[in-house]
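The values are calculated or read from the model by the stated rules, or taken from the named source; none is laboratory data. Predicted, not measured: the structure shown is a model, and the values here were computed from it. Neighbour counts are summed over all protein chains in view; Cβ atoms, including those assigned to glycine, are modelled from backbone coordinates with ideal geometry. Ligands, DNA and RNA are excluded from the accessible area calculation, which covers all protein heavy atoms including side chains. Shrake-Rupley method; radii C 1.70, N 1.55, O 1.52, S 1.80 Å.
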Amino acid sequence: HLAKIYALHWSSDSRSLVSASQDGKLIVWDAYTTNKTHAIPLRSSWVMTCAYAPSGNHVASGGLDNVCSIYHLNTRDGSIRVSQELPGHDGYLSCCRFLDDTSMLTSSGDMTCALWDITTGQMSTVFAGHSSDVMSLSFPSGSAKYFASASCDANAKLWDIRSGRCCQTFEGHDNDINAVEFFPNGNAFATGSDDATCRLFDIRAGQDIISYSRDIITCGITSVYFSKSGRLLFAGYDDFNCNIWDAMKGDRVGVLSGHDNRVSCLGVTGDGRALSTGSWDSLVKLWN
């Protein structure tokens, strides 16, 4: 990449990942060889999110163009072009995630999330209730019944996908929440905020049960992700570092430093063997 990286997402085979940069490119990488398998030029370079479909057949991206664009990777002639566009949000697209090849969840600066039918390109459900920009969403692996959203209103919400209703609202942060990620068992989720803390919210308790912070950490968190077992919480920070927290004890157990600018995104492979970090220094780094 030639400019700031804003997002990355692993494929379900734990080998490929897609990264999005404001150089106007969506790049699909083979993590085993570190070769690029696809470099997709974007219509709008102001990209904020990208996603890999569970099937491996599609990737998606979106940003300040307010549109989620979906690309089919396995075309007969090898050329990659937009296979579907999902216009309908009135604000920037902050996060997109495939439920499967035919349905997509998005979050937006218009204070809503949306469920889309990819086949028709239509918005099928709108999830409204936040009072500021929604920055991130996450749903448990293997379940498409509910999802969590994180917003600049400093709240996280849990939504029922089928009914479109908000089931729970989680308070505790003092500033914008930039990231949310489910715990592997689906009963809790972590958040990262501009208040310099990460928190673990338990769905059954209806509140945060652990806060991850140190007095010397004063900058915001851009991204969070759990290890496969859930024992470790990885968090990307504005101070160029990725901190590793013991998810159960709340202690910091490590720091990954190697980027020269803000760590904007991170992700762990499905098999749990590697962590990737993306940064405004234009690099994606893999850690084992």
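Overview of results
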item: For residue 60: the one exception among (1) more than 19 Å from residue 263 (Cα to Cα); (2) touching a residue at least 60 places away in the same chain (Cβ under 8 Å); (3) aliphatic (A, V, I, L, M); result: (2)
item: Residue that is out of contact with any His (no Cβ under 7 Å at 6 or more places or on another chain) and modelled with pLDDT of 95 or more, where the choices are 193, 151, 143, 213; result: 213
item: Only listed residue being modelled with pLDDT of 95 or more, surrounded by fewer than 22 Cβ atoms within 10 Å (Cβ to Cβ) and farther than 24 Å from residue 139 by Cα, chosen from 231, 252; result: 252
item: Verdict on residue 196 being on the phi > 0 side of the Ramachandran plot and in contact with a Cys (Cβ under 8 Å, 6 or more places away or on another chain); result: yes
item: Hey, residue 272 under 16 Å from the mean Cα position of the chain (by Cα) and either surrounded by 14 or more Cβ atoms within 10 Å (Cβ to Cβ) or under 19 Å from residue 9 (Cβ atoms) (or both) or not; result: no
item: Of the criteria (1) more than 25 Å from residue 156 (Cβ to Cβ); (2) buried (at least 16 other Cβ atoms within 10 Å of the Cβ), which one residue 76 fails; result: (2)
item: Where a residue in segment 162-191 is free of Cβ contacts under 8 Å to residues at least 60 places away in the same chain and aromatic (Phe, Trp, Tyr) and its partner, wherever it lies, is open to solvent by 50 Å² or more (accessible area, probe 1.4 Å) and in a loop (DSSP other than H, G, I, E, B), with Cβ under 8 Å and at least six apart; result: 182/141
item: Members of segment 135-194 that are closer than 18 Å to residue 226 by Cβ and among the charged types (D, E, K, R); result: 181
item: When residues of segment 178-227 are limited to those that are of a type in the set (D, E, K, R), assigned to a loop (DSSP other than H, G, I, E, B) and surrounded by 14 or more Cβ atoms within 10 Å (Cβ to Cβ), the one nearest to the chain's Cα centre (by Cα); result: 194
item: Selection status of residue 135, open to solvent by 50 Å² or more (accessible area, probe 1.4 Å) and modelled with pLDDT of 95 or more; result: no
item: Filtered residues of segment 234-249 (kept if open to solvent by less than 20 Å² (accessible area, probe 1.4 Å) and within 16 Å of the chain's Cα centre (by Cα)); result: 235, 236, 237, 242
item: Of the criteria (1) under 21 Å from residue 85 (Cβ atoms); (2) hydrophobic (A, V, I, L, M, F, W, C); (3) open to solvent by 40 Å² or more (accessible area, probe 1.4 Å), which one residue 40 fails; result: (3)
item: Which listed residue, of 20, 39, is assigned to a strand (DSSP E or B), at pLDDT 95 or above and among the aliphatic types (A, V, I, L, M); result: 20
item: Matching residues in segment 249-270 - criterion: being within 20 Å of residue 183 (Cβ to Cβ) and out of contact with any Lys or Arg (no Cβ under 7 Å at 6 or more places or on another chain); result: 249, 250, 251, 253, 254, 265, 266, 267, 269, 270
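A quick yes/no check of all residues on (1) open to solvent by 40 Å² or more (accessible area, probe 1.4 Å); (2) within 19 Å of residue 281 (Cβ to Cβ); (3) touching an Asp or Glu at 6+ places or on another chain (Cβ under 9 Å):
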site: 16; (1), (2), (3): no, no, yes
site: 20; (1), (2), (3): no, yes, no
site: 25; (1), (2), (3): yes, yes, no
site: 34; (1), (2), (3): yes, yes, no
site: 56; (1), (2), (3): no, no, yes
